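Notes to accompany the following structure.
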Amino acid sequence: MADQVMIHPTAEVSPQATVGDGTRVWNEAQIRAGARVGRDCILAKGVYVDADVVIADRVKLENRVSVFRGAHLESGVFVGPHSCLLNDKRPRATTPAGELKREDDWTVSGVTVAEGASIGGGCTVLPGVSIGRFAMVGAGAVVTKDVPDHGLVIGNPARLVGYVCECGGRLLPDGSCPACGRRHSLGGQPGPIRATSATPVSRSSR
């Protein structure tokens with residue numbers, strides 16, 4: 001355990017977990033053995049981080065988020081309250097023989113969330129799904145398939161409705177962001193557009 005970590009007295013952090021400098025783990029949170037949490041993260045009240053989960057730097061997990069085994073969250077990821085990242089494509093409590101399932105009786109299919117992506121409150125991300133860089137998942141969405149870089153998805157099942165900037169603003173069709181002035185190169189025409197790069201633009205030039 002790093003020296004500059006803040007662990008609330010009611011949190012449960014396994015001695016076999018790794019937590020980076022500057023990270024704050026709040027009340028009733030749990031981090032299981034083998035989990036790796038990076039620097040300057042915030043794990044809010046009641047967060048559950050399963051065994052062997054990998055969380056990079058500056059990640060924020062809001063109240064009651066559950067991140068299950070096999071998940072990998074890159075730097076700058078945000079997960080809103082009561083969201084759940086699942087890992088079992090064929091969930092059963094017992095085997096076909098009626099025995100309680102053990103560690104070797106199922107296959108872990110963890111969720112991957114790339115750099116800077118945001119998942120809104122009350123979302124469910126299905127096993128094996130990948131969410132791209134700086135993508136945004138709207139509150140309450142059920143994500144059943146991969147989300148592209150900068151993609152904006154909403155609904156149940158989640159569907160792609162547009163693209164967002166690094167700042168979170170929705171991109172215009174020409175790739176510009178009205179919120180911060182960045183301009184993105186949008187490829188893949190005809191068909192779905194994909195944000196491939198971003199160039200900051202001063203406000204005076206717009």
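Where a number appears in this text, it was derived from the coordinates with a stated rule and is not lab data. As the structure is a prediction and not an experimental result, all values here were calculated from the model. In this analysis, Cβ positions are derived from the backbone assuming ideal geometry, glycine residues included, and neighbour counts consider all displayed protein chains.
State log₁₀ I(q)/I(0) for the range 1-52 at q = 0.29 Å⁻¹ as given by the Debye formula over alpha-carbon point scatterers of equal weight, solvent excluded.
Values, matching the q order: -1.21.
Neighbour counts of other C-beta atoms within 10 Å: give me H8, H72 arranged from fewest to most. Each step should come with its number before you reach the end.
Values: H8 15, H72 19.
Result, fewest neighbours first: H8, H72.
Taking neighbour counts of Cβ atoms within 10 Å as a proxy for exposure, in what order, fewest first, do I31, I119 appear?
On the way: I31 28, I119 31.
Result, fewest neighbours first: I31, I119.
Report the residue, chosen from S83, S176, S118, that carries the largest GNM mean-square fluctuation when the chain is represented by alpha-carbon nodes joined by springs under 10 Å.
S176
Which percentage, to the nearest 5, of the DSSP beta bridges contained in the chain is antiparallel?
Numbers: 12 of 49 bridges.
DSSP beta bridges in the chain are roughly 25 percent antiparallel.
For the chain, build the charge dipole from Cβ charges (+1 Lys, Arg; -1 Asp, Glu) around the Cα centre, then report which of A179, C167, V125 sits farthest towards its positive end.
Positive-most Cα among the choices belongs to A179.
May I have the convex hull volume per residue, in Å³, for the Cα set of the chain?
130
Of L85, L100, L172, which is the most mobile in a GNM of the chain whose springs link Cα atoms less than 10 angstrom apart?
Taking springs between Cα atoms under 10 Å, the residue moving most is L100.
In percent, what relative contact order does the chain have, based on Cα pairs under 8 Å that are 6 or more apart in sequence? All intermediate terms of the calculation are to be shown ahead of the outcome.
On the way: 618 pairs, mean separation 20.0, N = 206.
So the answer I get is 10 percent.
Which one of G175, G98, G22 has the biggest mean-square fluctuation once the chain is modelled by GNM with Cα springs under 10 Å?
The residue that fluctuates most here is G98.
Just how large is the dipole of the chain about the Cα centre, in debye to the nearest 20, putting +1 at every Lys and Arg Cβ and -1 at every Asp and Glu Cβ?
Numbers: 23 positive and 20 negative charges, 150 e Å.
Here the size comes out at about 720 debye.
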